[in-house]
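Report on the structure given below.
Read-outs throughout are calculated quantities, based only on the coordinates presented, and are distinct from any laboratory measurement. Fair warning: this is a prediction, and the values are worked out from it, not measured in the lab. Don't worry about glycine lacking a Cβ; one is built from the backbone with ideal geometry, like all the others, and counts go over all protein chains shown.
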Amino acid sequence: MLVSETKIRVCYDDTDQMGVVYYGVYPRFYEIGRTEMIRELGITYKEVEKQKIFLPAKSLNINYHKSAYYDDLLTVRTIVEKIPQVKFPIKTEIYNEAGELINSAEVVLAFFNGNTNKPCKAPDYFIDEMKKYF
């Protein structure tokens, strides 16, 4: 299993007038966590996309447990439980500074070949890097 943690400070733009993180901001936090997790593998999204392989979202399921607020330092835990094939399910848990789970989600991405406009298998180099954690 691959687990990656990324810290994110809530900025003013992430909140509503009450200083609470707006519900629609959380998917951006998940993406930041995913991007950093892939970077920890020694790969970047940019490198993958240069090879005309894209990772669009297929589905997203979000659970809001508690609120986050302006200036909170959040821990975004990104979890991959199995090596991806065509589908790439990723779980995300977000914790506040007290260590409380405030949000959880699962996004399923799909590897997509930009040349054929069809889903494709994850690139071998991507799978090879993932295998180190399983």
Problem - Sequence-distant lysines (8 or more away, or on other chains) whose Cα lies within less than 19 Å of Lys50 - result: Lys118, Lys121
Exercise for the section: Find the percent of Cα-Cα distances in the stretch 15-80 that exceed 18 Å, and round it to a whole number. Expected result: 48 percent
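Just flag the GluC sites (Glu not before Pro) in the stretch 22-96 sitting in loop per DSSP whose Cβ has no more than 15 other Cβ atoms within 10 Å.
Details: sites: Glu31, Glu36, Glu40, Glu47, Glu49, Glu81, Glu93; in loops: Glu81.
Passing both the DSSP loop test and the Cβ count: Glu81.
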Practice task
Taking every pair of Cα atoms in the chain, average 1/r, invert it to obtain the Kirkwood radius, and report Rg/Rh to two decimals.
Solution key: 1.00
Problem - Extreme residue, positive dipole direction of the chain, given options Phe88, Asn63, Val10 (C-beta unit charges) - result: Phe88
Completion exercise
Asserting the computed 222 nm helical MRE of the chain (DSSP H runs at least 4 long, -39500 (n - 2.57) per run, divided by residue count, to nearest 500) equals -6500 deg cm²/dmol
